[in-house]
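See structure below.
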Amino acid sequence: MFSLFGVPVDAAYHLVSGLTGILTPVLGGAAAVAAIIAFTIAVRIVLMPLSLRAFRAQVAAARLAPQLLALRQRYAKKPERLQSEMSALYRQEGTSMFASIKPLLFQWPFLSVMYLLFRSPLIAGKPNTLLAHDLLGVPLGSHWLSGAGLVSMQGGVFLGLFALLAGLCWLSSRLGQRMAVPAVDGTPGTPGTGVLVKALAYLTVVIAAFTPLAAGIYLLTSMGWSLAERRFFFRRAAGSRHDQGAKQPDRR
């Protein structure tokens, strides 16, 4: 996989390294961390149109959920007719069953390049000098269970990172529940209440435990941006629905 992304990872490496050099006179040892955060946010801003499309598709899916459920109940024994009716409904609403998946797939190469950049010890066959920088004296290339141990500055920095990631995972899970498809006629909506599903919400924390500190900082920044993005879009969509409801005439 790394050979597939070799050229873009090398290009991203030179950009972040250059930004680190620019920030060093101002921020000193924190320049590399600031560069990682700034570069991650810049890429997420570029990807915002794709995120918006994915969110709009999720909102459309939630809006269509009651009608889709009614179609499944009506044509439960006629799969071909069910597929036809569902496709017609999606076309009518200007969306599709996979509308929320495509934008995420288009984002995947960009996010993979950044993740590889911040976890790979070698870039283009040479040492990744970004990992030689540090945060509070802890090298960005260090791992949680390596070095001085849990009761040390390194252990404290990683535990702080995990706590922040866990907090973002919890907030993201709560927001996901608010955005979930509601239950209809006693039938559960969007799944997400099982123990396994709840545990998977914290998978990012597990990933950070086995990656260098630099990758953990990237994950924290990317997840924080994603949460803010989803919250903004969610509030905007909720406000739009409220305004549309207020404009409806009172027919009583």
*Restricting to segment 52-73, what's the tally of residues that are open to solvent by 50 Å² or more (accessible area, probe 1.4 Å) and either polar (S, T, N, Q) or under 24 Å from residue 106 (Cα atoms) (or both)?*
5
*asked:* Take the conditions within 30 Å of residue 64 (Cα to Cα), of a type in the set (Ser, Thr, Tyr) and crowded, with 17+ Cβ neighbours inside 10 Å and apply them to residue 142. Does it pass?
replied: no
*How many residues are closer than 20 Å to residue 132 by Cα, exposed (fewer than 12 other Cβ atoms within 10 Å of the Cβ) and within 24 Å of the chain's Cα centre (by Cα) if we restrict to segment 12-51?*
0
*Mind checking which residues of segment 105-151 are part of a loop (DSSP other than H, G, I, E, B), without any contact (Cβ under 8 Å) to a residue 40 or more places away in the chain and among the small types (Gly, Ala, Ser)?*
125, 137, 146, 147, 148, 149
*Could you grab me the full set of residues in segment 74-115 that are within 30 Å of residue 12 (Cα to Cα), surrounded by 13 or more Cβ atoms within 10 Å (Cβ to Cβ) and not aromatic (Phe, Trp, Tyr)?*
99, 100, 102, 103, 104, 107, 111, 112, 113, 114
*Yes/no for residue 54 being assigned to a helix (DSSP H, G or I) and touching a Ser or Thr at 6+ places or on another chain (Cβ under 8 Å)*: yes
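The values are calculated or read from the model by the stated rules, or taken from the named source; none is laboratory data. Remember, predicted model here, so these are calculated numbers, not experimental data. Counting neighbours? That spans all protein chains shown, and the Cβs are built from the backbone with ideal geometry, glycine included. Each accessible area value is taken on the protein alone, full model and side chains, heavy atoms only, with ligands, DNA and RNA left out. Shrake-Rupley method; radii C 1.70, N 1.55, O 1.52, S 1.80 Å.
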